[in-house]
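Worksheet: the structure to be examined is printed underneath.
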Amino acid sequence: MLKTGDKAPAIALLDQHGKKVSLKDFAKKKVLLYFYPKADTPGCTTQSCLLRDIRKSVGNTVIIGISPDEPATQLKFDEKYELGFTLLADTEKKVSKAYKVWKKKSMYGREYMGIERSAFLIDEKGKILYAWYKISPKDTPLFLLEALEK
C-alpha cells in the first residue's frame, strides 16, 4: 500500500471528454485522487456529489475521480450530477493497480476483482500527503477538508 511521503504513481488516462490527462498537468497544485468502483451507483454517486458540494471550499486543490468506466460513461455521470471536475477512465486498470486499489473483493460469497474505494491527497511536488484506503463515500470530503486545514 502507498503511504505518506511516497511518490504518487504517474497517470496518463482519458477524461470524460476523451482528453488525455496526467498528474503533471496539475503541477503546483494539490490533487485529491479518489478511486470509485462504478459510475452512477449509489455509493459512488454519494461520494462524487459530496465532493462536488465542497469543491469551492478546497482552494486550488484539484479533485479527480477514477474508475474503470469508459469515458462516455464518465461523461454521462458528470452531466447527470453536474460534478464539474475531472473523471478519468482507467479501463485497463493500470493506474488502479499502481495505486494498489485493484483488489480481490467478495459479495454474496462470490469473489471478483474490483476497485477498493480509496482516496489520495497528493502535494504540489507529486508526493502523497495522505492515503485513505477503504474510505467510505461520506468520509471522503470530510477527510479532504480536515487534511487541507493542517
**Request:** Could you pull out the GluC sites (Glu not before Pro) across region 46-144 that fall in loop regions by DSSP (anything but H, G, I, E, B) with no more than 14 other Cβ atoms inside 10 Å?
**Result:** Glu82, Glu92, Glu124
**Item:** Candidate aspartates and glutamates for bridging to Lys105, where Cα separation is under 13 Å - those fewer than 8 sequence places away on the same chain excluded
**Value:** Glu116
**Request:** Subtract the Cα-Cα distance of Lys19 and Lys100 from 0.36 nm times their separation in residues, and report this length gain in nm to one decimal.
**Result:** 26.7 nm
**Request:** Taking every Cα atom in the chain, find the radius of gyration and the maximum pairwise distance Dmax, and write them in Å.
**Result:** 14.2, 45
**Distance between modelled label sites at Glu124 and Ser57, nm, 7 Å Cα→Cβ extension** = 2.4
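Take every DSSP beta bridge with both residues inside region 12-141 and express the antiparallel ones as a percent of the total, to the nearest 5. Present the calculation step by step, with values, prior to reporting the outcome.
Values: 20 of 29 bridges.
The answer is about 70 percent antiparallel.
Which chymotrypsin sites (Phe, Trp or Tyr not before Pro) from region 90-120 combine a DSSP loop assignment with at most 16 other Cβ atoms within 10 Å? Write out the running numbers ahead of the final one.
On the way: sites: Tyr99, Trp102, Tyr108, Tyr112, Phe120; in loops: Tyr99, Tyr108.
Passing sites in region 90-120 are Tyr108.
Only counting other Cβ atoms within 10 Å, I'd like Arg52, Arg117 sorted with the fewest neighbours first. List each step's numbers first, then the result.
On the way: Arg52 17, Arg117 22.
Lowest count first: Arg52, Arg117.
At 222 nm, what helix-only mean residue ellipticity would the chain give, in deg cm²/dmol to the nearest 500, using -39500 (n - 2.57) for each DSSP H run of four or more?
Numbers: 4 runs with 40 residues, N = 150.
Result for the chain: -8000 deg cm²/dmol, rounded to the nearest 500.
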**Prompt:** Say the dipole of the chain comes from +1 at the beta carbon of Lys and Arg and -1 at that of Asp and Glu; which of Ala98, Gly109, Phe26 then lies farthest toward its positive end?
**Reply:** Ala98
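Let's see if you can work this out: charge +1 on each Lys and Arg Cβ, -1 on each Asp and Glu Cβ, no other charges. What is the dipole magnitude of region 12-141 about its Cα centre, in debye to the nearest 20? Spell out each step's value before the answer.
Values: 25 positive and 16 negative charges, 93 e Å.
Around 440 debye, computed over region 12-141.
Here, each number is a calculation from the coordinates, and none is a lab measurement. The model shown is predicted, which means the values in this text are computed figures rather than measured ones. A quick note on method: Cβ atoms are made from the backbone with ideal geometry, for glycine too, and the neighbour counts reach across all protein chains shown.
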